[in-house]
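Working notes for the structure below.
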Amino acid sequence: MEACDLESAVSEQRRELVASRTLDSDADYAFQLQMLEAMSASLSSSPTSAPGPPPAPADGGAGPVGDDNGDGRSLATALMLEEMEKYALERQDREHCEAEFRRMREDLDRRVHDLRFAAEIVGIPEEEWQNYGDFYHKPFEAGCSSSAASSSSSASASGECFRVHVKGLVSEEWIKDEKVVVAGLGVAVCDFKDNVIIEVKKPLINDVLVSDLEAEIEALVQGLHAAVCLDLKRVNVLIGDNRLYNYVRGIQLPGQSKIAAPLNEATMLQKKLTYFGATLVGPNDTKYAYKLARDAIVSQISWPEETNHGKSLKETCVICFENSSVTEMFSVDECLHRYCFSCMKRHVEAKLLEGVIIKCPHDGCNSEVKIDSCGGLLEPNIISIMSQRMKEASVPVTERIYCPYPRCSTLMSKQEVLEYSRSAFVGAEHSGARKCMKCQFFFCIDCKVPWHYNMSCNEYRMSNPIATAGDAKLKTLASKSMWRECVKCKNLVELAEGCYHITCRCGHEFCYICGAKWKNKKATCSCPIWDERNIIRDGRQRYIGKAGWYGNAAFISN
């Protein structure tokens, strides 16, 4: 049946139902009037009854009185009309979705047309373009790349291979004081240039989907549905789950009936495509879909709550278990785990004091917290320290070099400052002269002082045994506190507790008493291994970095 014929039949049936309900209402009203007239006549003929006005029919005579069959017919008619209205709304929504998909498809075809025409123009020789460039034109005609013409050489998106990112997630979250398991999926359909065309994020019912694999399969089905609705013919799906990839490629057959049905649905959708490919990718390659799936999960764990400023969405922080506004929740860029600003600020500051790279506080998550995302969370001085810590962590200990000028003190690696200095100083590699990448002043990488012109390093050390008063104070403090200097990286080490076998953060092992090197986990000296006063339960060594010349700040890290 054609769409117009179906719509005409539905409209005719709706008119008949309305007319039937009106007819029933009129018949019931006439019956009520007859009953009232008979009751009035009976009362007037009875001598014992007091005269009085007849009772008015209830609701103006619109409803039946004592007619069960009439009630049943009216209820059935009302239900049928309600179903007809629902059908009309669903049909209207479906037509709207189809029109939107047609518009998106036309935009895709126009994009392909423009890219191909641009490629043709680039390939035109310069002389030909100068003579005939004004006459080159190829306007896009809407509808010229329909399904029937997709096999031709027209500029249709059907000939391009599109990428579909899919991701299903199942996560344990807190809603107020209750721990719940929520699931969500994300789908991102991208064109051949990896530009996002359409995004799908959908929460999943926990009673039906409770495992990561089932969520991944449902994400695949939704991704293929979106591709079919867009009338895409060539699709490559990016899958981040190894089990799903094996099922899709036919390497492994599903043993559970629970996942067999959605996998069969995915197989049926694949048959509607002229080409279907599947690629197993890492977590970073599904970033589009992963974010959408996390958004679907977050939408399930937030709830509205009345505040002084109106309704606000609330969310529970899994660290402090306090209910905070969703606008006051910090989201880690890579993993999208969320915590309140207060807890995240304390976490970042604690990790900065420890001198380690700041990672997501979620158990087992190794995602790093980006500096750019902490702008509204931390003070500017804390962000500066965080940048310095992250740069220090990225440069090996033996490769670190600080600018000796006290107003600069920029951290650099020896290799990068050497490459930077070669263009400004002839023979920099052999002379030891380096140029700071920030302040642009020269310094000696061997002596860690400003560049000593017309003097060798030995001559400078002989004439300046202690370069600055700050160095003299540091040496006095190190001698008084019995700190030991690592001969490899020149860092000063303070023994807080534990044995005298020291493993420096640069990897060098030595004796804390005399500084002798350890070889193959054995001492090369006769010094005692430990002192009972230093042996405690949790042994740690605290490293104190050697202060640079001209008073560079020392650092302490566990």
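In segment 470-494, what residues are within 23 Å of SER394 (Cα to Cα), of a type in the set (A, V, I, L, M, F, W, C) and in a loop (DSSP other than H, G, I, E, B)?
Matches in segment 470-494: CYS486, VAL487, CYS489.
Every residue, every condition in (1) under 25 Å from PHE442 (Cβ atoms); (2) in contact with a Phe, Trp or Tyr (Cβ under 9 Å, 6 or more places away or on another chain), yes or no:
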{"residue": "LEU377", "(1), (2)": "no, yes"}
{"residue": "PRO380", "(1), (2)": "no, no"}
{"residue": "ILE383", "(1), (2)": "no, no"}
{"residue": "MET386", "(1), (2)": "no, no"}
{"residue": "TYR405", "(1), (2)": "yes, yes"}
{"residue": "CYS408", "(1), (2)": "yes, yes"}
{"residue": "GLN415", "(1), (2)": "yes, no"}
{"residue": "TYR420", "(1), (2)": "yes, no"}
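Quick one: which residue in LYS258, LYS287, LYS311 is closer than 28 Å to GLU334 by Cα and of a type outside the set (A, V, I, L, M)?
LYS287
Mind telling me which of the residues LYS391, LYS414, LYS435, LYS448 ends up being at pLDDT 90 or above, within 29 Å of VAL356 (Cα to Cα) and not acidic (Asp, Glu)? Walk me through how you get there before you give the answer.
Details: LYS391 fails: at pLDDT 90 or above; LYS414 fails: at pLDDT 90 or above; LYS448 fails: at pLDDT 90 or above.
Result of the check over LYS391, LYS414, LYS435, LYS448: LYS435.
Scan segment 451-489 for residues that are within 49 Å of the chain's Cα centre (by Cα) and either modelled with pLDDT under 80 or surrounded by 15 or more Cβ atoms within 10 Å (Cβ to Cβ) (or both) and jot them down.
Residues satisfying the conditions are TRP451, GLY470, ASP471, LEU474, ALA478, TRP483, ARG484, GLU485, CYS486, LYS488, CYS489.
With the requirement that a residue be among the basic types (Lys, Arg) and buried (at least 18 other Cβ atoms within 10 Å of the Cβ), what does segment 332-375 give you? So that I can check it myself, show each step before the final result.
First, pick out the residues of segment 332-375 that are among the basic types (Lys, Arg): 338, 345-346, 351, 359, 370.
The answer is ARG338, and nothing else.
Can you tell me how many residues in segment 495-512 are in a strand (DSSP E or B), in contact (Cβ under 8 Å) with a residue 24 or more places away in the chain and crowded, with 19+ Cβ neighbours inside 10 Å? Outline the logic, then answer.
So the first thing to find is which residues in segment 495-512 are in a strand (DSSP E or B), and the list is 495, 501-503, 509-511.
With the extra rule that they be in contact (Cβ under 8 Å) with a residue 24 or more places away in the chain, the set shrinks to 495, 501-503, 510.
From what is left, the residues that are crowded, with 19+ Cβ neighbours inside 10 Å are 495, 502, 510.
The number of residues fulfilling the criteria is 3.
Yes or no, residue by residue, for (1) β-branched (Val, Ile, Thr); (2) in contact with a Cys (Cβ under 6 Å, 6 or more places away or on another chain); (3) in the same structural domain as PHE330 (by TED's automatic domain parsing):
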site: CYS360; (1), (2), (3): no, yes, yes
site: ILE382; (1), (2), (3): yes, no, yes
site: GLU416; (1), (2), (3): no, no, no
site: ASN458; (1), (2), (3): no, no, no
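Does GLU509 satisfy the criteria of being modelled with pLDDT under 85, among the acidic types (Asp, Glu) and in contact with a strand residue (DSSP E or B) (Cβ under 9 Å, 6 or more places away or on another chain)? Walk me through it before giving the result.
Working: modelled with pLDDT under 85: no; among the acidic types (Asp, Glu): yes; in contact with a strand residue (DSSP E or B) (Cβ under 9 Å, 6 or more places away or on another chain): yes.
Here the answer is no, as GLU509 does not meet what is asked.
Would you check which residues across segment 376-386 are exposed (fewer than 13 other Cβ atoms within 10 Å of the Cβ) and under 24 Å from SER409 (Cβ atoms) and list them?
The initial filter retains those residues of segment 376-386 that are exposed (fewer than 13 other Cβ atoms within 10 Å of the Cβ), namely 376, 379-381, 384.
Of everything in segment 376-386, those that are exposed (fewer than 13 other Cβ atoms within 10 Å of the Cβ) and under 24 Å from SER409 (Cβ atoms) turn out to be GLU379, PRO380, ASN381, SER384.
Scan segment 284-302 and tell me whether some residue there is farther than 21 Å from GLY168 by Cβ and free of Cβ contacts under 8 Å to residues at least 40 places away in the same chain.
Filtering segment 284-302 down to residues farther than 21 Å from GLY168 by Cβ leaves none.
No, that holds for no residue.
Would you tally the residues in segment 162-181 being farther than 27 Å from ASN242 by Cβ and part of a strand (DSSP E or B)? Full working, then the answer.
Of the residues in segment 162-181, the ones farther than 27 Å from ASN242 by Cβ are 174-180.
After this cut, where a residue has to be part of a strand (DSSP E or B) as well, the list is 174-175, 178-180.
Matching residues across segment 162-181 total 5.
In segment 307-316, how many residues are of a type outside the set (Lys, Arg), free of Cβ contacts under 8 Å to residues at least 40 places away in the same chain and closer than 19 Å to VAL182 by Cα? Spell out the reasoning first.
Quick first cut of segment 307-316, residues of a type outside the set (Lys, Arg) only: 307-310, 312-313, 315-316.
Subset that is free of Cβ contacts under 8 Å to residues at least 40 places away in the same chain: 307-310, 312-313, 315.
Pick out the ones that are also closer than 19 Å to VAL182 by Cα and you get 313, 315.
Qualifying residue count for the region: 2.
Which ranges mark the helices (runs of 4 or more DSSP H) fully within segment 205-280 that have 1 or more residues being under 25 Å from ARG103 (Cβ atoms)?
Numbers: elements: 212-229, 242-249, 257-270.
Hits in segment 205-280: 212-229, 257-270.
If you go through segment 174-188 one residue at a time, do you hit one that is more than 17 Å from the chain's Cα centre (by Cα), of a type in the set (Val, Ile, Thr) and modelled with pLDDT under 75?
First pass over segment 174-188, keeping only residues more than 17 Å from the chain's Cα centre (by Cα): 174-181.
Those still in the list that are of a type in the set (Val, Ile, Thr) too: 175, 180-181.
From what's left, modelled with pLDDT under 75: none.
No.
Tell me which residues, restricted to segment 318-356, are more than 13 Å from VAL369 (Cβ to Cβ), in contact (Cβ under 8 Å) with a residue 40 or more places away in the chain and in contact with a Phe, Trp or Tyr (Cβ under 8 Å, 6 or more places away or on another chain).
VAL318, ILE319, PHE321, GLY355 - these are the residues of segment 318-356 that are more than 13 Å from VAL369 (Cβ to Cβ), in contact (Cβ under 8 Å) with a residue 40 or more places away in the chain and in contact with a Phe, Trp or Tyr (Cβ under 8 Å, 6 or more places away or on another chain).
Given the condition farther than 30 Å from PRO283 by Cβ and among the small types (Gly, Ala, Ser), answer yes or no: does some residue in segment 377-393 qualify?
For segment 377-393, residues farther than 30 Å from PRO283 by Cβ and among the small types (Gly, Ala, Ser): present.
The values are calculated or read from the model by the stated rules, or taken from the named source; none is laboratory data. Keep in mind that what you see is a predicted model, and the values were worked out from it rather than measured. Here the Cβ is made from the backbone with ideal geometry for all residues, glycine too, and neighbour counts use every protein chain on show.
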